[in-house]
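Below you'll find the structure, written out as structure tokens, and then a few comments.
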Amino acid sequence: MGKLTPMMEQYFEIKNQYKDCLLFFRLGDFYEMFFEDALTASKQLEITLTGRDCGQEERAPMCGVPYHSAEAYIGRLIDKGYKVAICEQVEDPKQAKGIVKREVIRVITPGTILQTGALEDDKNHYLMSIAQGPRGYGVSVVDITTGEFYTTELQMQGYEKLIDEIGKFCPVEILYSEVMDKDDAIIHSIKSRFSSYMNPYPAWNFEYDTSYKRLCQHFSIFSLDGVGLSEYTVGIEAAGALLCYLQETQKISLTHISTIIPYGNTEYMVLDICSRRNLELTESLREKSKKGTLLWVLDKTKTAMGARLLRKWIEQPLVKKDAIERRLEAVQECKDNPLFREEIKELLYGVYDLERLMSKVIYGTVNGRDLIALKCSLKMLPPLKSILQDASSTYLKQICEQIDSLEDIYDLIQKGIEEEPPIGIKEGDIIKEGYHPEVDKLRKAKIQGKQWIANLETEEKEKTGIKNLKIRYNKVFGYYIEITRSNFDAVPDRYIRKQTLANAERYITPELKELEETILGAEEKIVQLEYVLFVELREAIGKEVTRIQSTAQYVAILDVLQSLGEVGERQNYTKPKISEEGTIHIQEGRHPVVEKMMSMEQFIGNDTFLDADENRLAIITGPNMAGKSTYMRQTALIVLMAQIGSFVPAQSAHITVVDRIFTRVGASDDLASGQSTFMVEMAEVANILHNATKHSLLIVDEIGRGTSTFDGLSIAWAVVEYISSIKHIGAKTLFATHYHELTELEGKLEGVKNYCIAVQEQGDEVIFLRKIQRGGADNSYGIQVAKLAGLPPTVIQRAKEILEELDQAD
């Protein structure tokens, strides 16, 4: 084998440090990839594979992408689950002696990508870390695009709660201690449920002492007690490992991650992954999209920050009565005062994504146009504060106090950055006139220089008599005099020939070269100086990241409150009365999503009454398609909406705070893990029976259908007994069933009541009245439903005959 060229030696030295990454190796205006990386990238990106001499007998496979369009290519590779290491030239090639010095300046992974095109404005881009301890798991989550950083601990046996916690955040990348690879069940369960990029990380990064010191060092504190982490152990390990990973890959100070927020399971309503899916909170079951979800109904936010926060509120309903009422009071003010709300909305329209703009400032990827967007956003803050001065609700008053006008930062950008700057930051024309005297001086020389060139051209035309003489410029020769072939005889001896073209000659003169040096010197200096000034200005803004993030947070809260106020007014929602008395009493409740999707007909409202005494468990019977599932889901959604601080679709609603909502609605075979419908169903029921409390709300729809009738009835009966019993659970429950035998439990079991869907019969036809009423159904109307579904008449007729024979046999 031949000896590698010096450049390829440099390449391999760097590549060996980043073996798990595709190395984007900067060569001039391109990022090049070599050998295995080139083979992979050319296939995944569908770009041409070429070769390059590397000092060996065979040429090195090579492919590349232009540096100015690399973002899109990187995004595509990250989408396919690759990591990309960006290797830049870290010295000026003109100043380099020998090979240009190169270093990896950043490693991009699915959870650390910053490219705008790869991010969803209304959704956080989470990276999660999981540490395993003797009694449970530590979970830490960060969004580097906004600076949010959270950690918690899950004390339990088994990993169901861990799955639920992952479901809450839906991280794009999961970092986990490599020791967890020994537990195939956990890793398989995560992989089968989520599309997150799974990233095993060396166990020593999760060591407690190392993690503790790393967190203290990052936040510049002596102890973690002051940030509320004194009771955490495995949570600190998860957070420390996550921070270590970020420092390794991002290679910057990460000053925008300025706080860590510990949270416990007692602060928010617990929603398991099945309930989130069944209630279609942020993603619809069929289309896997936002449309048809609770988020779709409630989202009238005007900023990206507000949209992300609303999603968080829906994912994490509150369980503290005072906190819920504080939100409701503010939403009421926004709902009842349309003029106030419209003024806020108009100003919020002009606010860009402050959180992600500040991340670009910290990462050094912000450009002039981004700073103008930041300035335009900051311009809205003083009038926002002015409008909020007249607010009467406690929360809106607090928001007014906490929003910093940030006028000093606005003034800095206003004075320093051109109103319409170029996209790049190294081409000049970015610093405003009057900001820096040296820039103004050089700019004047540059402008005058152009006039000098024009004057010289006029003089040369007069001296030579060549009327079509032109003074032009290119990057290779600088300024030159161009004369066409027909005028060659008139060219004076003092002209020095530089280049011959097909129809012209190019010349220079000592005078022209002297002028060029003056003009180009000014242009080069001004570009360099403007870049230096831009970086200084960017760093000055970066030092105020905490102030800007805090204000962004309160602007986002204001946006969510006005959004809930707007929806409340448009959809004719009512303010729920919040209590801790144990009673849910909803009058004329409606399903928020179904109601909004019904364009022609009116939604029929229904009452719900559940308490901790005689009305704990409602058994609901009635045919399919009659509206049982819609009714039960709407009850759960109304309770959830109330606990996020939203008005609710009902005539009136008295809502007791619930600690958890469980929904077991329908089931499909979990083919990925080889589980049947019945097995999935039983696993979901087991989760409810093990984790529900008397303060929970249970929505149970049709259990026991995946097995024989008697087995199914026996299981459903036993489950009703267990849930309704104060000794075991005693939770407020809506229990739909096809087993009419369960209606016998009213009067036998304390707290159980029968309800059914009202049906009107007209001969062989049946009309579903969509109304819940007391009592049990005495007919399942299966054949009528089959007819409505479109089964052939001959099949329907034969089914009637068989049913009649079976009835007679009984």
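The values are calculated or read from the model by the stated rules, or taken from the named source; none is laboratory data. Quick caveat: nothing in here was measured; it's all calculated off a predicted structure. FYI the Cβ positions are ideal-geometry reconstructions off the backbone, even for glycines, and counts take in every protein chain you see. Note: areas computed on protein heavy atoms with side chains; ligands, DNA, RNA excluded. Shrake-Rupley method; radii C 1.70, N 1.55, O 1.52, S 1.80 Å.
Output the number of residues of the stretch 403-427 satisfying the condition of being in contact with a helix residue (DSSP H, G or I) (Cβ under 9 Å, 6 or more places away or on another chain), surrounded by fewer than 14 Cβ atoms within 10 Å (Cβ to Cβ) and either within 19 Å of G350 (Cβ to Cβ) or not basic (K, R) (or both).
So the answer is 6.
Having 1 or more residues that are within 23 Å of H690 (Cα to Cα), open to solvent by 40 Å² or more (accessible area, probe 1.4 Å) and of a type in the set (D, E) is the bar; report the helices (runs of 4 or more DSSP H) wholly within the stretch 108-219 that clear it.
Values: elements: 160-169, 184-193, 208-219.
Result: 160-169.
Can you run down the residue pairs with Cβ atoms below 8 Å, 6 or more apart or on separate chains, where the first is in the stretch 405-421 and on the phi > 0 side of the Ramachandran plot and the partner is part of a helix (DSSP H, G or I)?
Qualifying pairs under 8 Å: L406/L378; L406/L381; L406/R547; L406/I548; L406/T551.
So which pairs qualify, if the first residue must be in the stretch 344-357 and in contact (Cβ under 8 Å) with a residue 60 or more places away in the chain and assigned to a helix (DSSP H, G or I), the second must be open to solvent by 20 Å² or more (accessible area, probe 1.4 Å) and not hydrophobic (A, V, I, L, M, F, W, C), the Cβ gap must be under 6 Å, and the two must be at least 6 apart or on different chains?
Taking only residues 6 or more apart or on different chains, the pairs are K345/K302; L348/K302.
Quick check on the stretch 430-437. Is at least one of its residues in a loop (DSSP other than H, G, I, E, B), modelled with pLDDT of 95 or more, in contact with a Lys or Arg (Cβ under 8 Å, 6 or more places away or on another chain) and aromatic (F, W, Y)?
Yes, some residue in the stretch 430-437 is in a loop (DSSP other than H, G, I, E, B), modelled with pLDDT of 95 or more, in contact with a Lys or Arg (Cβ under 8 Å, 6 or more places away or on another chain) and aromatic (F, W, Y).
Do you know which residues across the stretch 383-411 are under 25 Å from G645 (Cβ atoms) and outside any helix (DSSP H, G or I)?
Q389, D390, A391, S392, S393, I403, D404
Inside the stretch 479-496, can you point out the residues that are of a type in the set (D, E) and either in a loop (DSSP other than H, G, I, E, B) or closer than 14 Å to K513 by Cβ (or both)?
D493
What's the number of the condition T743 fails, among (1) hydroxyl-bearing (S, T, Y); (2) touching a Leu at 6+ places or on another chain (Cβ under 8 Å); (3) at pLDDT below 95?
So the condition that T743 fails would be (2).
Being open to solvent by 30 Å² or more (accessible area, probe 1.4 Å) and among the polar types (S, T, N, Q) narrows it down to one of T743, T737, so name that one.
T743
Which pairs have Cβ atoms under 6 Å, sit 6 or more apart or on different chains, and link a residue in the stretch 365-378 that is within 16 Å of Q549 (Cα to Cα) to one that is open to solvent by 20 Å² or more (accessible area, probe 1.4 Å) and of a type in the set (F, W, Y)?
A373/Y352; K375/Y410; S377/Y352; L378/Y410
Please verify whether the stretch 79-99 includes one or more residues that are in a helix (DSSP H, G or I), aromatic (F, W, Y) and at pLDDT 90 or above.
no
Just for the stretch 617-635: of the residues that are assigned to a loop (DSSP other than H, G, I, E, B) and in contact with a Lys or Arg (Cβ under 6 Å, 6 or more places away or on another chain), which one is nearest to L742 (Cα to Cα)?
Among them, the one singled out is G622.
Restricted to the stretch 491-545, and to residues that are under 24 Å from I447 (Cβ atoms) and of a type in the set (S, T, N, Q), which residue is most open to solvent (accessible area, probe 1.4 Å)?
Looking at residues that are under 24 Å from I447 (Cβ atoms) and of a type in the set (S, T, N, Q), I get Q528.
With K513, K461, K467, K441 as the choices, which residue is part of a loop (DSSP other than H, G, I, E, B) and either farther than 30 Å from M380 by Cα or among the polar types (S, T, N, Q) (or both)?
K467
Could we say that I729 is modelled with pLDDT of 90 or more, crowded, with 20+ Cβ neighbours inside 10 Å and either over 18 Å from I620 (Cβ atoms) or touching a His at 6+ places or on another chain (Cβ under 7 Å) (or both) here?
When the stated conditions are applied, I729 passes them.
What number of residues in the stretch 442-478 are open to solvent by 50 Å² or more (accessible area, probe 1.4 Å) and over 13 Å from T518 (Cβ atoms)?
The number of residues fulfilling the criteria is 15.
How many residues are open to solvent by less than 50 Å² (accessible area, probe 1.4 Å) and among the polar types (S, T, N, Q) when one looks only at the stretch 14-43?
The qualifying residues number 2.
Can you tell me how many residues within the stretch 573-596 are free of Cβ contacts under 8 Å to residues at least 60 places away in the same chain and surrounded by fewer than 21 Cβ atoms within 10 Å (Cβ to Cβ)?
Of the residues in the stretch 573-596, 2 are free of Cβ contacts under 8 Å to residues at least 60 places away in the same chain and surrounded by fewer than 21 Cβ atoms within 10 Å (Cβ to Cβ).
Taking the stretch 167-198, which residues are modelled with pLDDT of 95 or more and of a type in the set (V, I, T)?
Once the filter is applied, which keeps residues that are modelled with pLDDT of 95 or more and of a type in the set (V, I, T), the stretch 167-198 yields V172, I174.
Go through the stretch 682-710 and report how many residues are open to solvent by less than 60 Å² (accessible area, probe 1.4 Å), modelled with pLDDT under 85 and part of a helix (DSSP H, G or I).
Looking only at that region, the number is 1.
Considering only the stretch 615-639, state which residues are open to solvent by less than 20 Å² (accessible area, probe 1.4 Å), under 17 Å from V720 (Cα atoms) and not charged (D, E, K, R).
Answer for the stretch 615-639, where residues must be open to solvent by less than 20 Å² (accessible area, probe 1.4 Å), under 17 Å from V720 (Cα atoms) and not charged (D, E, K, R): L617, A618, I619, I620, T621, M632.
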